[in-house]
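Have a look at the structure below before the remarks.
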Amino acid sequence: MINDTEKQKSPIGIFDSGYGGLTVLSEIKSLLPQYDYIYLGDNARAPYGNRSFEIVYEFTKDAVKWFFEQNCHLVILACNTASAKALRNIQQIDLPQIDSSKRVLGVIRPTVESVADFTKTGHVGVFGTSGTVKSQSYEIEIAKLHPHLKVSSEACPMWVPLVENNEFDKPGADYFVKQHIDNLLKKDDQIDTIILGCTHYPLLISKIEQFLPKSIQVISQGKYVAESLKDYLHRHPEIEIKCSKNSVVKYFTTDFPEKFVDLASLFLKKNIEAQKINID
């Protein structure tokens with residue numbers, strides 16, 4: 001017989017404006033394969049990177065409400081723009097009104113927590129979308145946790161299109177990758193650690209490392225978000241006990257599922273199935 005606790009268990013929600021969050025999901029699944037996950041890409045309204053704070057907040061709130069309708073108790077915003085522009089409002093304003101027992105977490109803080117372990121010079125760079133860079137979320141969070149570090153950011157608006165058009169490993173990407181690396185290092189030539197502040201960017205990492213000095217290390221978010229989630233579940237058994245464990249992943253998109261499945265294979269290196277849903 002299934003008791004009430006088992007009936008109430010549900011997958012962990014993973015949200016992104018499009019495909020980039022699949023790099024985070026991949027790392028989370030690798031570290032925590034026993035859990036169930038629901039991935040939602042809001043591809044119909046992507047990209048979020050150049051949209052206003054108000055629009056990103058409304059779109060992200062729509063998605064979070066959808067996850068809650070699926071009975072998810074924990075949602076990860078696997079999107080830097082959503083984490084930068086919407087997470088704080090959702091945590092502080094919406095959750096107390098919707099359901100104070102549920103949790104929504106982002107990808108910026110776990111990455112920031114790890115950065116001081118890498119830099120020796122105390123000078124850190126961030127590559128991100130225009131929205132993430134304009135929000136100054138990394139500067140703000142790093143100042144809170146590591147006030148001695150100096151942060152310089154560079155917006156890379158062409159990098160997401162390069163990934164989503166499957167040009168990330170082709171010669172045409174070289175100009176756009178090198179351009180932004182040069183721009184960032186002109187701002188601060190003492191940078192020795194760079195955060196990839198967009199979940200698409202890990203697919204460009206071989207190109208990035210090709211044009212970076214060997215002395216500079218690159219932090220890709222997925223690993224640190226996964227480790228932070230593992231620690232969070234250990235510290236919050238009241239949430240962990242509500243997470244179902246059948247090693248099942250379901251994928252949803254707000255746009256054409258055929259296109260989502262095709263592009264998702266770039267990020268996951270395998271074929272999946274996806275369903276279309278509406279959240280607006």
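The values are calculated or read from the model by the stated rules, or taken from the named source; none is laboratory data. What you see is a predicted model, and the numbers here were worked out from it, not measured in a lab. Neighbour counts are summed over all protein chains in view; Cβ atoms, including those assigned to glycine, are modelled from backbone coordinates with ideal geometry. Surface areas here come from the heavy atoms of the whole protein model, side chains and all, with no ligands, DNA or RNA. Shrake-Rupley method; radii C 1.70, N 1.55, O 1.52, S 1.80 Å.
Brief remarks on what is shown
- For the range 239-273, filtered to residues that are free of Cβ contacts under 8 Å to residues at least 12 places away in the same chain and open to solvent by less than 90 Å² (accessible area, probe 1.4 Å), the residue that is nearest to ASP192 (Cα to Cα) is SER265.
Conditions tested, residue by residue: (1) touching a residue at least 12 places away in the same chain (Cβ under 8 Å); (2) more than 17 Å from TYR232 (Cβ to Cβ).
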position: LEU22; (1), (2): yes, yes
position: GLY41; (1), (2): yes, yes
position: PRO47; (1), (2): yes, yes
position: GLU54; (1), (2): no, yes
position: PHE59; (1), (2): yes, yes
position: LYS65; (1), (2): yes, yes
position: PHE68; (1), (2): yes, yes
position: CYS72; (1), (2): yes, no
position: VAL75; (1), (2): yes, no
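- The set of residues in the range 199-211 being among the hydrophobic types (A, V, I, L, M, F, W, C), open to solvent by 10 Å² or more (accessible area, probe 1.4 Å) and touching a helix residue (DSSP H, G or I) at 6+ places or on another chain (Cβ under 7 Å) consists of LEU203, PHE211.
- Residues (surrounded by fewer than 17 Cβ atoms within 10 Å (Cβ to Cβ), in contact (Cβ under 8 Å) with a residue 24 or more places away in the chain and assigned to a helix (DSSP H, G or I)) located in the range 92-112: ILE98
- Residues in the range 139-196 that are open to solvent by 70 Å² or more (accessible area, probe 1.4 Å), in contact (Cβ under 8 Å) with a residue 60 or more places away in the chain, closer than 18 Å to VAL218 by Cβ and in contact with a helix residue (DSSP H, G or I) (Cβ under 6 Å, 6 or more places away or on another chain): 0 in all.
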